[in-house]
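> For reference, the structure I am asking about is given below.
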Amino acid sequence: MSYVILDLEWNAAYSKRAGRFVNEIIEFGAVRLDDDLNITASFAALVKPKITRRLNGKVKQLTKISLDELKSGVSFLTAAKQFAEFLGHSTLMTWGTSDIHALIENFTVFTGDYHIPFITTYCDIQEYCERALDKFDEGNQMGLGACAELLGVTFSEDEQHRADADAILSQQCLKAVAKRFPLEDAILRADCEEFYERMTFKNHFITDIDDPDIDRAQLRFRCDKCGKPARRVKKWRMHNKNFSSEFYCKHCGRKFIGRVSFKKRYDGVKVNKRTLDIVPKKKQEEQQAEAPTP
Ligand SMILES: [Zn+2]
């Protein structure tokens, strides 16, 4: 088994033909790994932009790539072809799925077909690291720098955000967690429509209490004091993507707020439940008075 970690850089470019902004890929950086996840080869290609000749400030600042540098690059399709040769039959890996989204977008714009021709198997290293570190369900996605820090992998801030440096840092994170979690389980088949459905699925919170994807049992709460079933005494209302209501426990007399959110993902619905104390109105006003005005 061999793996290739790909990291792309792109520039938000306004395409008149598409009538919208496109994340135009300007750099490919990749490393190939052997069975033990050690780097055996590297790949780099600069892409000469076609949609716009203007690099937006953020890209310039972050990547320190200049337009002059890019002028020596090749077309996107040439770079993609060179990369396909480098990849061979290895499993493609990226940190998070945004590089896959960028590839889908660039192939769509330049060929009219959204399929990524060189991909057969795929692993999202970000999700893999999050699962291995037990951080997958924490709402926020873990950044590459944060993951490296957590694992004690040292890196230079200056070198980051160039494709090759990010690919190497991803490899170090991958290697650091690989012993904790089976890597085979994180590899997906990518030569099928299901892969594209999964990649383009937009995670979202369910906001309709009657949505059939809501497991009704999750709308029941137990008293957080005595553990007995509590009764809902108010209507459900939305509070920051959560359903929220007041509950009453007739066994111990406790009143509390129950909050639950349902996040719809490709793989299913992630439920998040918690209970809160009811803050008396007067105290609430005091807290609001203390809060700094924005
Ligand atoms: Zn109780």
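> So is Phe21 within 18 Å of Pro117 (Cα to Cα) and of a type in the set (Phe, Trp, Tyr) or not? Reasoning before the result, please.
Numbers: within 18 Å of Pro117 (Cα to Cα): no; of a type in the set (Phe, Trp, Tyr): yes.
Here the answer is no, as Phe21 does not meet what is asked.
> Among residues belonging to region 30-87 that are out of contact with any Asp or Glu (no Cβ under 6 Å at 6 or more places or on another chain) and of a type in the set (Val, Ile, Thr), point out the one that is farthest from Arg20 (Cα to Cα). Lay out the reasoning, then the answer.
Initially, region 30-87 is screened for residues out of contact with any Asp or Glu (no Cβ under 6 Å at 6 or more places or on another chain), giving 30-39, 41-43, 45, 47-48, 50, 52-62, 64-87.
Pick out the ones that are also of a type in the set (Val, Ile, Thr) and you get 31, 39, 47, 52, 59, 65, 74, 78.
Details: Val31: 32, Ile39: 38, Val47: 20, Thr52: 12, Val59: 18, Ile65: 23, Val74: 24, Thr78: 24 Å.
Checked region 30-87; the qualifying residue farthest from Arg20 (Cα to Cα) is Ile39.
> Write out, first by first residue and then by second, each pair whose Cβ atoms fall under 8 Å of each other, whose residues are 6+ apart or on separate chains, and whose first residue, in region 133-148, is modelled with pLDDT under 85 while the second is part of a loop (DSSP other than H, G, I, E, B).
Qualifying pairs under 8 Å: Lys135/Met142; Gln141/Gly96.
> Looking at Lys234, Lys179, Lys241, which one is at pLDDT below 95, over 30 Å from Ile119 (Cα atoms), away from the ligand (no atom under 16 Å from the Cβ) and of a type outside the set (Asp, Glu)?
Unique residue meeting the criteria: Lys241.
> In region 93-134, what residues are surrounded by fewer than 17 Cβ atoms within 10 Å (Cβ to Cβ) and in contact with a strand residue (DSSP E or B) (Cβ under 6 Å, 6 or more places away or on another chain)?
none
> Sticking with this one: Give all pairs with beta carbons closer than 7 Å in which a residue from region 222-234 that is in the same structural domain as Gly253 (by TED's automatic domain parsing) and more than 14 Å from Leu276 (Cβ to Cβ) meets a residue that is within 7 Å of the ligand (Cβ to nearest atom) and modelled with pLDDT of 95 or more; count only pairs at least 6 apart in sequence or on separate chains.
Close Cβ pairs satisfying both conditions: Arg222/Lys228; Arg222/Ala230; Cys226/Cys249; Cys226/His251; Cys226/Cys252; Lys228/Cys249; Lys228/His251.
> Could I ask something else about it? Taking Thr207 as meeting all but one of (1) free of Cβ contacts under 8 Å to residues at least 24 places away in the same chain; (2) away from the ligand (no atom under 16 Å from the Cβ), write down the number of the exception.
For Thr207, the failing item is (1).
> So how many residues does region 242-267 have that are buried (at least 16 other Cβ atoms within 10 Å of the Cβ) and either outside any strand (DSSP E or B) or assigned by TED's automatic domain parsing to the domain that holds Thr97 (or both)?
Residues flagged as buried (at least 16 other Cβ atoms within 10 Å of the Cβ) and either outside any strand (DSSP E or B) or assigned by TED's automatic domain parsing to the domain that holds Thr97 (or both) within region 242-267 amount to 2.
> Considering region 99-118 alone, what residues qualify as being within 14 Å of Val22 (Cβ to Cβ) and either in contact with a Leu (Cβ under 7 Å, 6 or more places away or on another chain) or free of Cβ contacts under 8 Å to residues at least 60 places away in the same chain (or both)?
Ala102, Phe107, Thr108, Phe110, Thr111, Gly112
> List every residue pair whose Cβ atoms sit under 7 Å apart, with the two residues 6 or more apart in sequence or on different chains, where the first one lies in region 11-35 and is in the same structural domain as Gln82 (by TED's automatic domain parsing) and under 13 Å from Thr52 (Cβ atoms) and the second, anywhere, is in a strand (DSSP E or B) and β-branched (Val, Ile, Thr).
Cβ pairs passing all conditions: Asn11/Ile26; Ala13/Val22; Ser15/Val22; Ile25/Val47; Ile26/Val47.
> Right, here's the next one. Given the criterion within 20 Å of Ala165 (Cβ to Cβ), of a type outside the set (S, T, N, Q), exposed (fewer than 15 other Cβ atoms within 10 Å of the Cβ) and modelled with pLDDT under 95, identify the matching residue among Leu55, Leu37, Leu62.
Values: Leu55 fails: exposed (fewer than 15 other Cβ atoms within 10 Å of the Cβ); Leu37 fails: exposed (fewer than 15 other Cβ atoms within 10 Å of the Cβ).
Exactly one of Leu55, Leu37, Leu62 is within 20 Å of Ala165 (Cβ to Cβ), of a type outside the set (S, T, N, Q), exposed (fewer than 15 other Cβ atoms within 10 Å of the Cβ) and modelled with pLDDT under 95, namely Leu62.
> Ok, one more. Going by the structure shown, is Phe243 in contact with a strand residue (DSSP E or B) (Cβ under 7 Å, 6 or more places away or on another chain) and under 30 Å from Asp34 (Cβ atoms)?
Judged against the criteria, Phe243 is not a match.
> Within region 182-206, restricting attention to residues that are over 16 Å from the mean Cα position of the chain (by Cα) and assigned to a loop (DSSP other than H, G, I, E, B), which residue is modelled with the lowest pLDDT?
Pro182
> Still on this model: Restricted to region 244-282, and to residues that are of a type in the set (Val, Ile, Thr) and over 21 Å from Lys225 (Cβ atoms), which residue is nearest to the ligand (Cβ to nearest atom)?
My answer is Val271.
The values are calculated or read from the model by the stated rules, or taken from the named source; none is laboratory data. Bear in mind that the values here come from a model prediction, so they are computed numbers and not experimental data. Note that we place each Cβ from the backbone using ideal geometry, even for glycine, and neighbour counts take in every protein chain shown.
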